[in-house]
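Undergrad: To start, I am sharing the structure in question, which I have written as structure tokens.
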Amino acid sequence: MNKYDPKNIEKKWQVVWEKNNLSSAEDFAKKPKFYSLIEFPYPSGSGLHVGHCMGYTASDAHTRMKRMQGYNVLFPIGWDAFGLPTENYAIKTGKKPALVTKENTDFFRKQMKTLAYSFDWDREINTSDPEYYKWTQWIFLQFYKHGYVDPSTGSGQAGKLVEIADDDRTTPRLAYQAEMPINWCPSCKIGLANEEVIAGRCERCESPTAKKMQKQWMLRITAYADRLINDLDKTDYLEKIKTQQINWIGKSKGTNIDFELKQNANFIILHGFTGSPKDNFFPWLRAELERRGYKVQAPELPETNNPKIDEQVDFVVDKIKIDENSVILGHSLGAVVAMKVVERLKHPIAKLILAAGFIEPTFKDHKRPFEKTFDWKFDFEKIKKNTGSTIYLRASNDYAVPFEQGDKISNLLNAKIVDFVANEEHICGTHEPVVFDACVDKVRVFTTRADTLFGCAYIVIAPESDYTSNLKSQISNLEEVEKYIENAGKKSDLERTELQKEKTGIRLEGVKAINPINNEEVDVWVADYVLSTYGTGAVMAVPAHDERDFEFAKKYNLLIKEVVIPFEGEEHKGAEFRKTVSAVVHRRSDDKYLIVKWKKFDWFAPSIGGMEKDETPMQAVEREVFEETGYKVKAVEELGGQIESHFYAENKQVWRARIDQPVLCELRDKTPREVSKEELELHEAVWMTANEALQKITHPYNKIGFERYTKKNYAYIGYGKLVNSGEFSGIYSKEAIEAITKKIKKDGNGDFAVNYKLRDWVFSRQHYWGEPIPIIYCEKCGIIPLNESDLPLELPDVKKYEPSNTGESPLAAVSEWVDIKCPRCSGPARRETDTMPNWAGSSWYYLAYIMLGKEKEKIKKQKNGTVNVFDEFKKELEYWLPVDLYNGGMEHTTLHLLYSRFWHKFLYDLKEVPTSEPYQKRIAHGIILGPDGQKMSKSRGNVIIPDDIVSTYGADTMRAYIMFIGPYDQESAWSVAGLQGVFRFLNRVWKNVGKVKEGIDDPKDLLVDLNKYIVSVTDDLENFRLNTYVAKLMEINNEIDSLETVSKDSFGIFLKLLSPAAPHLAEELWEKIGGSESILDQTWPKADAKYLILDYVKIAVQVNGKLRGVVEVGSKATQEEVLDIVRKNSVIANWIKGREIVKVIYRPEKVMSLVIK
RNA sequence: GCCGGGGUGGUGGAACGGUAUACACGAAGGACUUAAAAUCCUUUGCCGAAAGGCUUGCGGGUUCGAUUCCCGCCCCCGGCACCA
């Protein structure tokens, strides 16, 4: 028999398999379908690495079993070809990225074929192929053209998917633009991807990077946050993948609370054409403002049906008292009057609010009489000078005032625009809360702990939030505040994330906010421990119940007010109330604590005693400790707030409700004095370490003082019972959150709210090698989406691949591509020059395998390429989706996996795909470390190249070893010795084929074992327990090793079980033993039940829990029969001799356990 | 800090609450060989001559029986990280 020579046999079979096309999937086959997806690779220049091999080998083996089990398996592969390394390579060499990609994918394909991965090569796709990215761009356009509108809020966060007209500028779109920071290298003058920023420095020149604000495309993934969490229930993802996604999305339910800023404002409300102070929202607004103690003047202007400008302005200036604290609000024509009034004033006012105002008589519907009688010239500079700030309120449902008026006024007056949907068109509802919000300066905070609202000591605003811009006139230390804000902005990511950096902040002097629950005035701070990107960018600080606020309050010496106290036990009505103190006595010499041991009840507790009248906790504790233990101590400080506990006091036989104050004490004497006899009988003093004490102390409520001191955590952040909280005192946190929020809501100061950690997806990249974003900017028409029929928008050839020094992508320099005519007005227009991130193409590639590829191209070509592939291949999508099993890396859990679920859900809403989730099951493999146990990297020189292994040992050894290396989902280190072990195993298999004889009977033991292995090997492979799968193959082979001959049938079964791991060897030996056709066409073995039921079984016998022997009994033997055999067993008989058997436990086929006395 | 996952021989690792250490590596001894490699055979958790005892990070608990379940602690890995 010749030697096992993998080189020869592997090449031989790869050719045969490819010729017979054994791994292509058939649409609509009658067999059950199985879609097995493996993450497609980024075709880098360095080729396939062992990490790829891990996933591919595992999925390939599983897939091979599935095929043999009779499934119609779709197991496709492709290339995630857009990305930075290729672009960087192009910058260095000047080679075209598309060409580089072609070379790389050719190399990858060849490598994959030598490893016999049974991919369906007819369906190969490439994300950088224009025929592919045509559809990536198409999906982007759909994002642009659609949005979710919640009719009640207009927030775009929930509700129904609607199509949005191109000229609609207010409905929130799923793809939208926003000013977002990019990583900017000031020295290279280029924008950097996150991966190019290493520890806060530019990868190329190592100078620190900064943030630069730039308009970027965003995808509103947050609109799907809830569904991305909830629909995880429908999937079989690994539990850790689910939790990681849930944590990443980070949903928290809480309350938005408005803290009104105290101001001396008085309000002047000016009505519009044909209006009066009794119209519209005016009476409601007036009532709201007056309820809050503001003075309101709402005059009726002269000749309201036929108004003349000078007359009305004169009237206001003469008759109405206007001062520096005045806020003038004009609605519609009243806004015009308001501007004219401000223009005429000799002093500034606090604020000007223009609701549906205009500066040109250009109405959408009909002409008004005043259009001619009014004077339409304004001195905008003067108006601007005469007002502290200006707000322009613009309703998207305004029938009269053109939308653009807002932009114009905003530009001229530097006004802040508030876009909203009014309760009635032209802001004419009787309630218009948005108008009210514009009148009163408020800071809105988000909290999950509304129950602690009474403990709010101050509020904190994030430095980046624009709350402060409205407040400038009131801030007396403005200069310092602005300096703080500027410094905070300069801080790099590096500094911001520095470990446990000390909190800093600055108080806005002259500004006070009003706590809406009790009308208390609180300070307002700006501090960078508050994030502008989460919630409302402002928080209420409750130092007593939040660690961060506690730390901040300690540093700046701010009020710490306790409003929630821990509550232990069960509420017991009629319990006897008692105020106590408990002592945490720390002995520094040996770091031990004084604990009192109760002799009668075997309790451990700190020294505790009741407080007497007129005693402070500090005094009480000194007395108590001395009386109880004889130690003289000095009270140092109170450890946080009080603790309420209800319990049955066995020593006194009563229900007690105890309010306890823990106090830290210092030991004054080393030795105790004598204590009274009664005390001595009750308890003794013992010294313990903190850990011991925490373990020994009997009741949880007595541990709290120790925990606070040993963990240095004085802020009580848990739930409990409210104190010092007015009408809410005495109720529990959870109820209080509900009750306080309801009260806040009723008073119009806030509402329940939900927030997510998940941010919208920044979708613009300032790079060349990505999908161009199909958008056109026209000077006149604004943003115009490219016509779908003009897709794909192909990347132009460029000379240079470097980013431009303006922060734009290299495409911006290709004027013949960028500068085009507007498709609508034929005026000058520019293309968007940013490209999509590399996550875009991979967000739908599993759909592309179904719709694109060689065969599908033919179908499309027959139809002239005008088809929508989603419609064209609807039936195929229905047949194959969802992906049954998606295998990949753990590192993709929170980006790729989440992004593609988001895209899929959107396509589902568009009715382009039939399922709401793309992947039924997701598993992930661990990484392979180098032989030194370190992560493989070129710089460490511990990289294993698959090609080297294949050329030395063959692909089968590589495959089997990679499966055998360790648990699939855990990281494992590469081991050369282990690899050789697997090679030896395959050699022994090769030799054992010589033992095969036809027409012989195998020993029964072999048949029994073989059938057992069929069951467990199948189960292992199904569940990716690949290391034990290979181990079991070894066990079977070892068993064959020990035999002289083996039947063809049995060896054939073994080869079939082996074929997923070592397909070439299995096929070669299958041929050698004269098997029919290819082993790939064989049916996966099924266990023969007759070998699984045994006549005799071995039973372990335990005596008093210890193994004392093994007996063989009939598998159907009764307990009595087994016991009889056990008694007769000499070894066991020795153990039970002279003792009484009190209990017998018998588990058939497993164990008999005897308890003897 | 929070959320996951781990901790078993000299090493990688097996074990539905039921004979802990499968399988592999390494090591030792032996066979073949002039010799080595390769291959094959034997031994291999620790203590002990043996009987037997001890052993799954540490300390408790539940159970006839715990690597497995529960409580507390220590250490390692991964993710998130001032998310209010």
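The values are calculated or read from the model by the stated rules, or taken from the named source; none is laboratory data. Predicted model, so just to flag it, every value in this text is computed and none were measured. All Cβ positions, even for glycine, are placed from backbone atoms using ideal geometry, and neighbour counts span all protein chains on display. Ligands, DNA and RNA are excluded from the accessible area calculation, which covers all protein heavy atoms including side chains. Shrake-Rupley method; radii C 1.70, N 1.55, O 1.52, S 1.80 Å.
Undergrad: Please give the calculated 222 nm ellipticity per residue for chain A, where each DSSP H segment of at least 4 residues contributes -39500 (n - 2.57) and the sum is spread over every residue; nearest 500 deg cm²/dmol?
TA: So the helix-based figure for chain A works out to -10000 deg cm²/dmol.
Undergrad: Shifting gears a bit: Can you give the translational diffusion coefficient of segment A:1019-1157 in µm²/s, computed by Stokes-Einstein from the Kirkwood radius over Cα pairs at 37 °C and 0.692 mPa s?
TA: 177
Undergrad: Sticking with this structure for a sec: Give me the Debye-computed log₁₀ of I(q)/I(0) at q = 0.11, 0.13 Å⁻¹ for segment A:248-324, equal point scatterers on Cα only, no solvent, two decimals.
TA: Relative scattering, expressed as log10 I(q)/I(0), comes to -0.43, -0.54.
Undergrad: Across the Cα atoms of segment A:936-1015, what radius of gyration and what greatest pairwise Cα-Cα distance (Dmax) are found, in Å?
TA: When restricted to Cα atoms, segment A:936-1015 yields Rg and Dmax of 17.4, 59 Å.
Undergrad: Write down the Kirkwood hydrodynamic radius of segment A:203-314, to one decimal in angstroms, obtained as one divided by the mean of 1/r over all alpha carbon pairs.
TA: Hydrodynamic radius (Kirkwood, Cα only) of segment A:203-314 equals 21.1 Å.
Undergrad: Here's something else I'd like to know. With θ set to phi - 60° and the Karplus curve 6.51 cos²θ - 1.76 cosθ + 1.60, what are the ³J(HN,Hα) couplings of segment A:1047-1061 in order, to the nearest whole Hz, using x for Gly and Pro?
TA: Result, rounded to whole Hz: 6, 4, 4, 5, 5, x, 4, 4, 4, 5, 5, 7, 4, x, 7.
Undergrad: Let me ask another. Sort A:134-144, A:419-429 by packing, meaning the average of other beta carbons within 10 Å per residue, with the highest value first.
TA: A:134-144, A:419-429
Undergrad: Once phi is turned into ³J(HN,Hα) by the Karplus curve 6.51 cos²θ - 1.76 cosθ + 1.60 with θ = phi - 60°, what whole-Hz value does each residue of segment A:269-286 show in order, with x for glycine and proline?
TA: Once θ is set to phi - 60°, the couplings for segment A:269-286 become 10, 10, 7, x, 4, 6, x, 7, x, 9, 7, 6, 8, 4, x, 5, 5, 4 Hz.
Undergrad: Read phi for every residue in segment A:296-303 and hand back ³J(HN,Hα) as whole Hz from Karplus 6.51 cos²θ - 1.76 cosθ + 1.60, θ = phi - 60°, with x for Gly and Pro.
TA: For segment A:296-303, the Karplus curve yields 10, 10, 9, x, 8, 7, x, 6 Hz.
Undergrad: Near A:Lys1048, which lysines are there with a Cα under 16 Å away, not counting those fewer than 8 places off in the same chain?
TA: A:Lys991, A:Lys995, A:Lys997, A:Lys1004, A:Lys1056, A:Lys1072
Undergrad: Work from the charge dipole of chain A (Cβ charges, +1 for Lys and Arg, -1 for Asp and Glu, about the Cα centre) and give the residue of A:Ile731, A:Ile1000, A:His646 farthest towards its positive end.
TA: Of the candidates, A:Ile1000 comes out farthest on the positive side.
Undergrad: Leaving ligands and nucleic acids out of the surface, order A:Phe273, A:Phe604 by accessible area at 1.4 Å, largest first.
TA: The ordering from most to least exposed comes out as A:Phe273, A:Phe604.
Undergrad: Please list, by residue number, every one of the trypsin sites (Lys or Arg not before Pro) in segment A:18-124 that is coil in DSSP and has at most 11 other beta-carbon atoms within 10 Å.
TA: Within segment A:18-124, the qualifying trypsin sites (Lys or Arg not before Pro) (loop, at most 11 other Cβ atoms within 10 Å) are A:Lys30.
Undergrad: So what are the three principal axis dimensions of segment A:495-613 from its Cα atoms, in whole Å, longest to shortest?
TA: Per principal axis, max minus min of the Cα coordinates gives 59, 43, 28 Å.
Undergrad: Placing +1 at every Lys and Arg Cβ and -1 at every Asp and Glu Cβ, with all other atoms neutral, what dipole size does chain A have around its Cα centre, in debye to the nearest 20?
TA: The dipole of chain A has a size of about 1680 debye.
Undergrad: How long are the semi-axes of the equivalent ellipsoid of segment A:358-457, taking √(5λ) for every eigenvalue λ of the Cα gyration tensor, in whole Å from largest down?
TA: 34, 19, 10
Undergrad: Output the peptides A:816-827, A:833-844 sorted from most to least packed, where packing is the average of other Cβ atoms within 10 Å over each peptide's residues.
TA: Ranked from most to least packed, the peptides come out as A:833-844, A:816-827.
Undergrad: Non-local amide H neighbours of A:His586 (under 5 Å, H modeled in plane, Pro and chain starts lacking H): which ones?
TA: So A:His586 has HN proximity to A:Cys665, A:Leu667.
Undergrad: Shifting gears a bit: Based on Cα positions only, what radius of gyration and what Dmax would you give for chain A, in angstroms?
TA: 38.7, 122
Undergrad: Give me Rg/Rg_expected for segment A:880-984, where Rg uses Cα atoms only and Rg_expected = 2.2 N^0.38 Å with N residues.
TA: Normalised Cα radius of gyration, segment A:880-984: 1.43.
Undergrad: Please report the antiparallel percentage of the DSSP beta bridges confined to chain A, to the nearest 5.
TA: Of the beta bridges lying entirely in chain A, close to 60 percent run antiparallel.
Undergrad: Take the alpha-carbon centre of segment A:19-92, take the same for segment A:969-1023, and report the distance between them in whole Å.
TA: Their Cα centres are 26 Å away from one another.
Undergrad: Keeping all protein chains in the complex and leaving out DNA, RNA and ligands, what accessible area do you get for A:Glu464 with a 1.4 Å probe, in Å² to the nearest 10?
TA: Its accessible surface works out to 90 Å², give or take rounding.
Undergrad: Let me ask something additional. Measuring from the lowest to the highest alpha carbon on each principal axis, how far does segment A:1057-1127 reach, largest first, in angstroms?
TA: Answer, in whole Å and largest first: 56, 25, 16 Å.
Undergrad: Check each of the trypsin sites (Lys or Arg not before Pro) in segment A:341-403 and keep only those in coil by DSSP with at most 14 other C-beta atoms within 10 angstrom; list them in order.
TA: Passing both the DSSP loop test and the Cβ count: A:Lys346, A:Lys364, A:Lys367, A:Lys377.
Undergrad: As a test of the definition: which semi-axes, in Å, follow for segment A:1-150 when you take the square root of five times each eigenvalue of its alpha carbon gyration tensor? Largest first, please.
TA: 32, 25, 13
Undergrad: So, one more: So, by mean Cβ neighbours within 10 angstrom, what's the order for A:326-332, A:402-408 with the highest one leading?
TA: A:326-332, A:402-408
Undergrad: Rounded to the nearest percent, how much of the accessible area of chain A (1.4 Å probe, protein heavy atoms only) is carbon and sulfur?
TA: Of the solvent-accessible surface of chain A, carbon and sulfur hold 50 percent.
Undergrad: What number comes out for accessible area per residue over chain A if the probe is 1.4 Å? Units Å², please.
TA: Heavy-atom SASA per residue in chain A reads 46 Å².
Undergrad: Can you work out the base-10 log of I(q)/I(0) for segment A:344-404 at q = 0.16, 0.17, 0.30 1/Å, using the Debye formula on its C-alpha atoms alone?
TA: -0.65, -0.72, -1.24
Undergrad: How large is the direction-averaged shadow of the alpha-carbon convex hull of segment A:223-265, in nm²?
TA: Here the figure is 4.7 nm², rounded to one decimal.
Undergrad: Students often forget the sequence filter, so: which aspartates and glutamates lie under 17 Å Cα-Cα from A:Lys92 once same-chain residues fewer than 8 apart are removed?
TA: Reachable aspartates and glutamates: A:Glu103, A:Glu196, A:Glu203, A:Asp797, A:Glu802.
Undergrad: Let me understand segment A:300-417 better: what is its radius of gyration from the alpha carbons, and its Dmax, in angstrom?
TA: 13.4, 38
Undergrad: What are the residues whose amide H is under 5 Å from the amide H of A:Trp79, where those residues sit 5 or more places off or on another chain and H is modelled from the backbone?
TA: Residues meeting the criterion, in which the H sits 1.01 Å from N, are A:Ile125, A:Asn126, A:Thr127.
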